[in-house]
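What follows is a set of notes on a single structure, which appears directly below.
The values are calculated or read from the model by the stated rules, or taken from the named source; none is laboratory data. Everything numeric in this text was worked out from a predicted model, so none of it was measured. Ideal geometry is used to build each Cβ from the backbone, glycine not excepted, and the neighbour counts take in all protein chains shown. When the accessible area is computed, the model is the full protein with side chains, heavy atoms only, and any ligands, DNA or RNA have been set aside. Shrake-Rupley method; radii C 1.70, N 1.55, O 1.52, S 1.80 Å.
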Amino acid sequence: MRQGRKRLAALAASMAVLLVLAGCTPGKGGGAGGAGPSGLGESADQIIKARGLTPDDVTAALKTYVPSGKYDEFVMFSSGGHSGQVLVIGVPSMRILKIIGVFTPEPWQGWGYSDETREILKQGSIDGKEITWADTHHPALSETNGEYDGQWLFINDKSGGRVAVIDLRDFETKQIVKNPLFINDHGSTFVTPNTEYVIEGSQYSVPLGWEYAPLEQYKEKYRGLLTLYKFDREKGRIDLEKSFSIELPPYWQDLADAGKGESEGWLFLNSLNAEMATGSGVQGQPFFEAGTAGRDMDYLHIVNWKKAEELVRAGKFETIKGMRVIRLDTAAKEGVLFLAPEPKSPHGVDVAPRGDYIVVSGKLDPHVTIYSFKKIQENIAKGNFDRDEFGVPVLKFQDVMEAQVELGLGPLHTQFDDKGYAYTSLFLDSAVARWTLGPPYNNEGGWKLVGKIPVHYNVGHIAMPEGDTAKPAGKYLVSLNKWSIDRFLNVGPLLPQNFQLIDVSQPGDKMQLLYDMPIGMAEPHYAQIIRADRLKAWEVYPEVGWNPGTQSKDPNAVEPGKERVERHGNEVHVYMTAIRSHYTPEKVQVKKGDKVIWHITNIERARDATHGFALPGYNIQLSLEPGETQTFSFVADRSGTFTYYCTEFCSALHLEMAGYFLVEP
Ligand code: CUK
Ligand code: CUA
């Protein structure tokens with residue numbers, strides 16, 4: 001206590017010196033000896049005292065504070081959980097920079113109101129049913145040579161087995177793909193080191209295409225699946241025609257990661273139901289929680305995707321619901337799929353930066369297990385394996401396991417830094433463990449627990465700057481905690497999640513908790529953190545009349561002076577421009593029953609000069625960024641007097657940016 005106070009005094013003194021050096025005058029005008037009742041005081045030592053801060057609080061504040069007009073060093077792309085969105089957060093400030101509409105309508109961005117964005121949301125329909133939510137789990141940044149390249153972001157929806165593509169030139173979603181063969185996913189999204197493929201693995205096994213089959217036929221009819229979506233960088237879209245899937249045993253595949261470096265060309269997935277439990281819905285069977293925990297070992301799936309590509313090229317696939325599928329027996333026979341035992345209900349599989357080791361956590365085992373890719377290859381080459389009941393080669397645990405490190409209770413997910421440390425979240429311990437990788441990352445033996453830091457509470461994933469790439473950047477760790485309990489003001493029984501920022505720049509067991517960020521809108525699962533300087537987003541759209549859907553000039557772009565309303569039969573085409581502070585035209589008149597096709601171009605070139613466009617009663621809300629063209633269409637099925645107006649406070653005369661939409665009976 002006393003020592004703490006001494007440290008504090010020393011810190012305050014040194015801060016005062018710094019402030020003097022910086023030309024400030026600490027201690028003046030704040031009242032002697034601390035803050036008065038009316039304020040915090042002006043000098044650093046007064047503020048520290050008035051707010052009752054500890055030395056650690058002060059260093060934490062200094063480490064996270066980003067002054068106005070200065071930028072964060074890193075950007076975190078976080079899953080938006082149930083919201084079906086993506087959160088963009090600056091690190092270390094933990095300021096939210098943007099929320100990107102992905103699987104669900106997002107009014108601010110007009111996401112899901114224009115024709116084009118509605119169409120993209122519709123791509124995510126399941127058997128024609130529009131889905132209004134998503135369970136986003138794992139964002140994945142595109143990679144070149146195993147490093148983030150800042151060009152694309154992918155994210156999955158676990159609930160619907162869907163994958164979305166976001167273009168990081170404008171931070172907008174461009175495509176949603178529904179997997180035709182499974183209803184849920186989980187091991188998704190992950191990319192191969194040059195983003196040849198975006199990967200989606202199933203979770204709860206179902207018959208392919210989720211056709212009906214009784215649970216009693218589980219082993220015969222139910223299957224897991226791994227889908228490799230071909231990503232076309234030129235077009236910026238997943239190319240379903242060039243994509244394919246690999247059928248897997250019904251072991252409830254969980255998380256996946258792509259090999260890189262030494263293991264490039266391979267994929268790894270863990271699984272959690274080697275028991276093939278069918279749940280208490282089947283007579284005499286226990287609950288899943290017991291049924292899936294019967295065996296000591298589940299299966300790490302080891303997949304040779306280069307080989308799988310060859311098989312597809314050689315025609316060794318079947319087409320099911322339009323998707324090319326390498327059947328399970330083919331995958332088992334032809335060297336595409338191998339298994340290795342992994343301890344007790346594993347969760348998380350993470351490939352080390354050089355691709356040489358694969359780290360698997362055992363939720364119900366206090367260890368992480370590290371597999372050697374080299375040993376896996378040697379044993380495959382020697383044919384040193386048994387086979388499971390589906391004929392899939394099963395390597396022997398002791399042959400392919402490199403090390404086990406005891407970390408604590410409930411290990412889940414692992415990330416890496418630039419110093420040869422690995423970090424693993426411990427769900428049950430509510431902590432993050434730091435441990436050393438073995439050679440070549442660490443020449444003093446390695447595979448040792450170094451230290452732990454408590455987190456608040458129940459951590460799931462952790463994210464570190466470029467922490468799952470070939471070149472981790474270290475420095476920070478964000479702990480994505482499921483429970484916050486007492487960390488924030490009480491907001492009722494539904495509590496926010498808690499993102500905790502941790503400084504991991506010091507070696508050894510020194511790790512410092514810096515900041516708590518409440519996430520009060522869903523449960524994000526995973527996040528990835530990229531160096532901000534890798535992102536090269538546009539400031540305004542490249543040309544006036546830009547269509548973000550095609551990322552090119554829109555044929556319906558409206559030029560100033562050419563605004564008009566055209567009637568073709570009972571179709572009315574509106575060509576409108578928006579600029580501070582008016583729309584042209586300011587009156588649009590149609591007849592009840594007309595089909596209205598309305599194009600608007602924001603002809604501004606000034607950065608941040610966004611206009612909105614609201615047409616109340618017809619459920620239209622657009623965001624028109626500088627240069628952007630949007631089209632929306634509807635049937636004017638309700639006569640009356642409607643107003644349209646701008647929903648972005650764009651200028652002093654923003655309220656005057658409005659018009660009348662008249663529908664004659
Ligand atoms: S999972 Cu959520 S904590 Cu879906 Cu990545 Cu492990
Ligand atoms: Cu344009 Cu307000």
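Things to note:
- Under the condition of being within 16 Å of ligand 1 (Cβ to nearest atom) and either open to solvent by less than 10 Å² (accessible area, probe 1.4 Å) or within 26 Å of Leu141 (Cα to Cα) (or both), the residues counted in region 432-470 number 12.
- Pair list, Cβ < 7 Å and 6+ apart or interchain, from region 257-275 residues that are on the phi > 0 side of the Ramachandran plot to residues that are in a strand (DSSP E or B) and open to solvent by 10 Å² or more (accessible area, probe 1.4 Å): Gly265/Asn304
- Flag if Val405 is within 16 Å of ligand 1 (Cβ to nearest atom), β-branched (Val, Ile, Thr) and within 16 Å of Gly362 (Cα to Cα): no
- Residue within region 375-393 that is within 16 Å of ligand 1 (Cβ to nearest atom), crowded, with 22+ Cβ neighbours inside 10 Å and either hydrophobic (A, V, I, L, M, F, W, C) or over 24 Å from the mean Cα position of the chain (by Cα) (or both) present: no
- Those residues of region 434-470 which are part of a loop (DSSP other than H, G, I, E, B) and over 19 Å from Val405 (Cα atoms), in sequence order: Val455, His456, Tyr457, Asn458, Met464, Glu466, Gly467, Asp468, Thr469, Ala470
- If the condition is being of a type outside the set (Ser, Thr, Tyr) and within 16 Å of ligand 1 (Cβ to nearest atom), then region 359-374 contributes Val359, Val360, Gly362, Lys363, Leu364, Asp365, Val368.
- Single condition Glu73 does not satisfy, out of (1) under 24 Å from Glu625 (Cα atoms); (2) touching a residue at least 24 places away in the same chain (Cβ under 8 Å); (3) open to solvent by 10 Å² or more (accessible area, probe 1.4 Å); (4) of a type in the set (D, E, K, R): (1)
- Matching residues, region 595-609, being in contact with an Asp or Glu (Cβ under 7 Å, 6 or more places away or on another chain), within 17 Å of Pro548 (Cβ to Cβ) and among the charged types (D, E, K, R): Arg607
- Odd one out for Thr132, checked against (1) open to solvent by 10 Å² or more (accessible area, probe 1.4 Å); (2) of a type outside the set (Phe, Trp, Tyr); (3) under 30 Å from Ala473 (Cα atoms): (3)
- Matching residues, region 614-665, being touching a residue at least 24 places away in the same chain (Cβ under 8 Å), part of a strand (DSSP E or B) and of a type in the set (Val, Ile, Thr): Ile620, Thr629, Thr631, Val635, Thr643, Val663
- Checking Leu311, Leu337, Leu328 one by one, the residue that is at pLDDT 95 or above, within 19 Å of Gly259 (Cα to Cα), open to solvent by less than 60 Å² (accessible area, probe 1.4 Å) and not basic (Lys, Arg) is Leu337 and no other.
- Enumeration of residues in region 618-657 that are open to solvent by 30 Å² or more (accessible area, probe 1.4 Å), closer than 19 Å to Val558 by Cα and within 11 Å of ligand 2 (Cβ to nearest atom): Tyr645
- On inspection, Arg607 does not qualify as within 22 Å of Pro560 (Cβ to Cβ), surrounded by fewer than 21 Cβ atoms within 10 Å (Cβ to Cβ), within 12 Å of ligand 2 (Cβ to nearest atom) and among the charged types (D, E, K, R).
- Some residue of region 535-545 being crowded, with 21+ Cβ neighbours inside 10 Å and closer than 27 Å to Phe416 by Cα: no
- Considering residues of region 139-164 that are of a type in the set (Ser, Thr, Tyr) and over 20 Å from Leu226 (Cα atoms) only, the residue nearest to ligand 1 (Cβ to nearest atom): Tyr148
- Taken together, Glu402, Glu389 contain a single residue that is in a strand (DSSP E or B), touching a helix residue (DSSP H, G or I) at 6+ places or on another chain (Cβ under 9 Å) and not aromatic (Phe, Trp, Tyr), which is Glu402.
- Any chance Trp598 is of a type in the set (Phe, Trp, Tyr), modelled with pLDDT of 95 or more, within 30 Å of Ala652 (Cβ to Cβ) and open to solvent by 20 Å² or more (accessible area, probe 1.4 Å): no
- Complete set of residues in region 114-136 that are without any contact (Cβ under 8 Å) to a residue 24 or more places away in the chain and small (Gly, Ala, Ser): Gly128
- Summed over region 554-576, residues that are more than 19 Å from Met657 (Cβ to Cβ), in contact with a Ser or Thr (Cβ under 8 Å, 6 or more places away or on another chain) and not acidic (Asp, Glu) total 2.
- If you go through region 546-593 and pick out every residue that is open to solvent by 30 Å² or more (accessible area, probe 1.4 Å) and either at pLDDT below 95 or in contact with a His (Cβ under 6 Å, 6 or more places away or on another chain) (or both), you end up with 2.
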